[in-house]
Amino acid sequence: MNKPGATTYRAQGILTASPARRVAMLYEAAITSLHKAITAIEHGEIEARWRANQRAADIIEHLLMTLDLKQGGEIAENLDRLYMFMIRHLINVDLHNDPQPARDVIELIKPLHRSWQELDRKIAAEGAAAVTTPAETPDGPGSEAAGDRVFATA
């Protein structure tokens, strides 16, 4: 059982995370849930397997439903097909009590997870550069030249 303080701390971390970090967190949670499903299969824990697999499928479905196919173009279309494949593939975890589909989906999620983590790091680094740039400019933070440099890095 979770302690109220830990739940509040986790919720605060989610609420204050950047959008890129939130997507990375979703991928991370899906991977964790799939590992739990695999472990549950290995220990013969059917209910735990189902709960963990369902959580992973719910996360992937959320990612699917939040895709913006109009704005996202070809990338969003590819993710749409990939997410649909993952959801269909995960049915086999429960249908056959088979860990392999979970392993397959983990391998599909890992590069997406790494990409969103990298994007989050890049955005954070650019944000930090934008915040520190005015103080480091010889013109000072209030000058027009300093402002141009801030916007160039954002």
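Some notes on this structure:
- All lysines inside 26 Å of K70 as judged from Cα atoms, apart from same-chain residues fewer than 8 positions distant: K110, K122
- Accessible area of T32 in the full protein assembly, 1.4 Å probe (Å², nearest 10): 70
- HN-Hα J in Hz across segment 108-120 - Karplus 6.51, -1.76, 1.60, θ = phi - 60°, x for Gly and Pro: 6, 6, 3, x, 5, 4, 4, 5, 6, 5, 5, 4, 4
- Note on A29/A129: beta-carbon distance plugged into 1/(1 + (r/R0)^6) with R0 of 30 Å gives a FRET efficiency of 0.50.
The values are calculated or read from the model by the stated rules, or taken from the named source; none is laboratory data. None of these values were measured; they are calculated from a predicted model. Note that each Cβ is placed from the backbone with ideal geometry, even for glycine, and that neighbours are counted across all protein chains shown. When the accessible area is computed, the model is the full protein with side chains, heavy atoms only, and any ligands, DNA or RNA have been set aside. Shrake-Rupley method; radii C 1.70, N 1.55, O 1.52, S 1.80 Å.
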